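The values are calculated or read from the model by the stated rules, or taken from the named source; none is laboratory data. All values derive from a computational prediction rather than experimental measurement. Note that we place each Cβ from the backbone using ideal geometry, even for glycine, and neighbour counts take in every protein chain shown.
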Amino acid sequence: MAGCPLRNFEECPQHNKKGGCEWWIGYTSNSGVTDAKMEGCAVVLQPLLMLENANALGMMEGRINQLSAEMSAGRVENLKEGDALRRQLLHLATGGRELVEPKHSTGIPSSGQQKQLGA
């Protein structure tokens with residue numbers, strides 16, 4: 001066993017006692033970022049645990065940004081659907097019988113749009 005950093009890296013008298021040293025920890029991670037298995041003094045492992053935490057936070061940030069972009073795109077699509085519904089109701093109220101479709105910038109073209117594209 002390595003020496004204790006709190007005792008100038010000499011042998012830790014607490015480590016071999018029944019309860020063990022309070023600073024001795026074991027850490028296992030299967031987070032997907034790293035598969036880490038560490039055991040040692042908390043003082044020595046602190047920088048490694050901080051790096052592990054930073055990696056996990058970076059991975060979460062990427063997922064949060066992706067989710068935020070998806071929610072924003074869904075909001076835009078819902079606004080377009082609501083606008084098309086309002087235009088459809090006004091069109092029906094004025095005697096029109098044609099279907100008013102939302103103007104989506106992405107996605108699968110509707111059957112009317114496919115006819116216009118020559119499909």
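Among residues of segment 34-51 being part of a strand (DSSP E or B) and in contact (Cβ under 8 Å) with a residue 12 or more places away in the chain, the one that is surrounded by the most Cβ atoms within 10 Å (Cβ to Cβ) is CYS41. GLY19 meets the conditions (1) modelled with pLDDT under 75; (2) surrounded by 12 or more Cβ atoms within 10 Å (Cβ to Cβ); (3) of a type in the set (Gly, Ala, Ser) in every case but one. The failed one is (2).
Name the single residue, out of those in segment 1-11 being part of a loop (DSSP other than H, G, I, E, B) and closer than 15 Å to GLU39 by Cα, that is modelled with the lowest pLDDT. Only one residue tops the list, namely MET1. Residues in segment 43-64 that are under 24 Å from PHE9 (Cβ atoms) and of a type in the set (Asp, Glu): 1 in all.
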